[in-house]
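Bear in mind these aren't lab numbers, they're just calculated from the coordinates by the rules spelled out. Just so it is clear, the structure is predicted and the values come from calculations on it, not from any experiment. Ideal geometry is used to build each Cβ from the backbone, glycine not excepted, and the neighbour counts take in all protein chains shown.
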Amino acid sequence: MEELLRRSEKLTTVGQLAAGVAHEIRNPLTTLRGFLQMQQHSKTINPLHTDIMLSELDRINLIVSEFLILAKPQAVNYQTKDVRYTLGDVVSLLDSEAHLHNVEFSVHFSSEAILVHCEENQLKQVFINVLKNAMEAMPSGGKITLMLYPDEPDLAVIRVIDEGEGIPEERMQKLGEPFYTNKEKGTGLGLMISQRIIESHKGCFHIESEVGKGTVVTITLPRRLGKEELPQDA
Ligand code: ADP
Ligand code: MG
């Protein structure tokens, strides 16, 4: 609980984050400038350098777009949605990428509607982040189990279980801190943004992991009850 408080205090101001973003962007910018300067001197274009410049530009782009999700107050449009469809859409979206990496989704959704009052695009963002992390934790493929079920009295539970490398204790402490990543091409923003979004939906975001066995992400959200609220476009 103390840890939770400490973390949320640390992340309260987007301003603090902006400083971090500026810092993260300065590195690829410095690289870009260096290569451009070299090309200016040599008057020839080295394709290898162009590749590096492009990937540095991509990195800046990724950091900025992930950050914008947080910083820009999007038009908030809360609607009551059946999250089985929200999550189902995301699974379809990622299916071909998963296939490419030998990852198989095993989907277990409740047969009854799971209605949640939500900003659907933000929830999709969370599901994409979590599912991508699960995929990236299994470089040689494996199974990702997705569960979605109602819990008494009025909770929706979403669980993503991977068979990846797992997270050692010392890394666990750092999860959710901006820019913490162990990936060469990671931004370390995904989890923090996901936690924020779930908190703004009055839900909980929880990670458990065992090294060598895998990771379980559990998201709980308040569930809307009542048959008068129909799924989809309600
Ligand atoms: P990124 O994916 O860009 O690294 P995230 O914020 O999404 O940033 O995740 C931060 C870190 O948390 C990852 O770099 C990884 O070390 C760890 N992590 C998150 N999800 C998982 C998972 N399912 N299995 C193992 N490690 C994970
Ligand atoms: Mg990620």
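Ordering Ile144, Ile63, His23 by the projection of their Cα atoms onto the charge dipole of the chain, which places +1 on the Cβ of Lys and Arg and -1 on the Cβ of Asp and Glu, puts His23 at the extreme positive end. Taking the longest Cα principal axis of the chain as reference, the axis of helix 190-200 is set at about 40 degrees. Is the C-alpha gyration tensor of segment 16-145 telling us rounded, prolate or oblate? Criteria: a/c under 1.5 is rounded; beyond that, a/b larger than b/c is prolate, otherwise oblate. Since a/c reaches 1.5 but b/c is at least a/b, the shape of segment 16-145 is classed as oblate.
Of all DSSP beta bridges confined to the chain, the antiparallel ones make up roughly 80%. Per residue, the convex hull spanned by the Cα atoms of segment 90-156 amounts to 90 cubic angstrom.
Computed from point charges on the beta carbon alone (+1 for Lys and Arg, -1 for Asp and Glu), the dipole magnitude for the chain about its Cα centre is near 780 Debye. Equivalent ellipsoid of segment 126-234: semi-axes from √(5λ) of the C-alpha gyration tensor, largest first, are 27, 16, 13 Å. The residue list Gly166, Leu48, Ser111 was ranked by how far each Cα lies along the charge dipole of segment 40-178 toward its positive end, using unit charges on Cβ atoms, and Leu48 comes out on top. For the chain, the alpha carbon positions stretch 70, 39, 38 Å along the principal axes, listed from largest to smallest. When the Gaussian network model of the chain links Cα atoms closer than 10 Å, the mean-square fluctuations of Glu66, Glu199, Glu152 top out at Glu152. Listing Thr80, Thr30 from fewest to most neighbouring C-beta atoms within 10 Å gives Thr30, Thr80.
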